[in-house]
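The values are calculated or read from the model by the stated rules, or taken from the named source; none is laboratory data. What you are looking at is a predicted structure, and each value in this text was computed from that prediction instead of being measured. Note that we place each Cβ from the backbone using ideal geometry, even for glycine, and neighbour counts take in every protein chain shown.
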Amino acid sequence: MPVKEARSAFIVKPGSRVDLTRIDPRETFGFSDKDAAAKHIEGNVKRLFDAQRRLWAENKRALLIVLQGMDTSGKDGTIRHCMTGLDPSGVKVVSFKRPTEKELDHDFLWRVHAQAPGKGEIGVFNRSHYEDVLVVRVHGLIDMRTCRRRYEHIRAFESLLADSGVMVLKFFLHISKDEQKARLEERLADPTKNWKFEEGDLAERRKWDEYQRAYEDAMGATSTAEAPWFIVPSDRKWFRNLCVSQVIAETVESLKIQYPKPHVDVKKIKVR
Ligand code: AMP
Ligand code: MG
């Protein structure tokens, strides 16, 4: 890995102001060896697989990975690359779409809390409760006062999860506007990707700067020691996968999860 400590390289320090214009989405720290990156990613996934087995056996804690980013930033691809090789029984991926009528009848965290991972599980949110301070803010559906109140609700919610043994890691996949253009064009050109193209994405693209502001404010207000944000340079897909898998692997290993002690003295028992 080009950066020894991925966690500290990409973390948003709690209480800091975020300026996305100062983080280059093309950054790779001088690393350009895609094949070596693929090896590292494979190694990270193996580390995560080992941690998953311990997490499952321990049955006390959970891991929640939140993925956010502009359209085409690679949320699906990150899941495909970083979660492949895990035991599907213990992984729950949830994609949050525009809320239904029923969901809108409740507070914005209602549908999200219901999807939080249970003990021993790894949960992945493809979009999340953060949409309620991003798209909703950019479209003027809430005012800034409500938005700031929501940051407080989010901090309290994530703190509740942490108190209940859920480790929360939040990733912002940071792409450039040029890279988004190229990826949208690819969706139009490649018949196997046509289905992903939505005209609405162009309307959102026109609000690029507002979205960047909304992300900066949200990450600055909600990056905490219990539920930190990581800003991942994501114009290069291989570098994005490397960073995300590395941060997750480092984090789960730091927990030093042990297999439970046997209920019996295994040396004294004979199976006949
Ligand atoms: P996709 O990720 O391409 O499947 O698109 C999902 C869409 O649902 C995106 O346009 C999101 O902005 C939208 N969405 C997700 N959560 C919310 C929310 N809480 N409020 C409004 N729109 C949302
Ligand atoms: Mg989409």
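Quick notes on this structure:
- Test: residue in the stretch 123-131 that is away from ligand 1 (no atom under 13 Å from the Cβ) and not aliphatic (A, V, I, L, M): yes
- Screening the candidates ARG54, ARG80 for the property of being assigned to a helix (DSSP H, G or I) and without any contact (Cβ under 8 Å) to a residue 40 or more places away in the chain yields one hit, ARG80.
- Yes/no for ALA6 being at pLDDT below 95 and not polar (S, T, N, Q): yes
- In the stretch 20-37, residue nearest to ligand 1 (Cβ to nearest atom) [restricted to those that are at pLDDT 95 or above and either among the aliphatic types (A, V, I, L, M) or surrounded by fewer than 18 Cβ atoms within 10 Å (Cβ to Cβ) (or both)]: LEU20
- Taking first residues from the stretch 21-37 that are under 15 Å from ILE175 (Cβ atoms) and partners that are polar (S, T, N, Q), the Cβ contacts under 9 Å between residues at least 6 apart in sequence or on separate chains come to THR21/GLN212; ASP24/SER176; PRO25/SER176; PRO25/SER234; ARG26/SER176.
- Test result for GLY140, part of a loop (DSSP other than H, G, I, E, B), more than 16 Å from ligand 2 (Cβ to nearest atom) and in contact with an Asp or Glu (Cβ under 9 Å, 6 or more places away or on another chain): no
- Considered as a group, the residues in the stretch 168-197 that are within 13 Å of ligand 1 (Cβ to nearest atom) and free of Cβ contacts under 8 Å to residues at least 24 places away in the same chain include one that is farthest from PHE10 (Cα to Cα), and that residue is TRP195.
- Selection within the stretch 191-215 - in contact with a Ser or Thr (Cβ under 9 Å, 6 or more places away or on another chain) and either aromatic (Phe, Trp, Tyr) or away from ligand 2 (no atom under 15 Å from the Cβ) (or both): GLN212
- The stretch 232-272 - residue that is of a type in the set (Phe, Trp, Tyr) and outside any loop (DSSP other than H, G, I, E, B) and, of those, nearest to THR28 (Cα to Cα): PHE239
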